[in-house]
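*Asks:* This is the structure I want to talk about, given as structure tokens.
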Amino acid sequence: MAVQNSKEILMERASEEHEIRDMIAMIDSMMEGGVSRLKVKVTEELDAGERRRQYHHGRCDIGSPWACGTPFDVLDMGEKD
């Protein structure tokens with residue numbers, strides 16, 4: 001019985017590693033395609049392996065510190081500790 005459980009655990013880990021590699025490949029392909037920002041959302045709404053791309057207009061960035069070039073959570077490049 002212990003052999004069966006360890007075999008199941010190994011198969012589950014291999015499946016999880018495959019899913020991780022698939023996600024990395026998806027992100028890499030998007031970056032190579034010129035996507036500069038993305039949000040990855042894991043959901044049960046899609047079938048396994050299915051992905052959906054949704055365009056975001058970025059209007060929430062208008063007037064934000066990041067869009068204005070004054071992000072408060074990032075140090076200036078010339079600033080030293």
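The values are calculated or read from the model by the stated rules, or taken from the named source; none is laboratory data. The structure presented is a predicted model; accordingly, all values stated were derived computationally and were not measured. SASA here: full protein model, heavy atoms, side chains in, ligands and nucleic acids out. Shrake-Rupley method; radii C 1.70, N 1.55, O 1.52, S 1.80 Å.
*Asks:* Just how much of E19 is accessible, in Å², when a 1.4 Å probe is used and the result is rounded to the nearest 10?
*Replies:* Surface accessible to solvent at E19 totals approximately 110 Å².
*Asks:* Accessible area per residue, 1.4 Å probe, Å², for segment 1-40: what's the number?
*Replies:* 93 Å²
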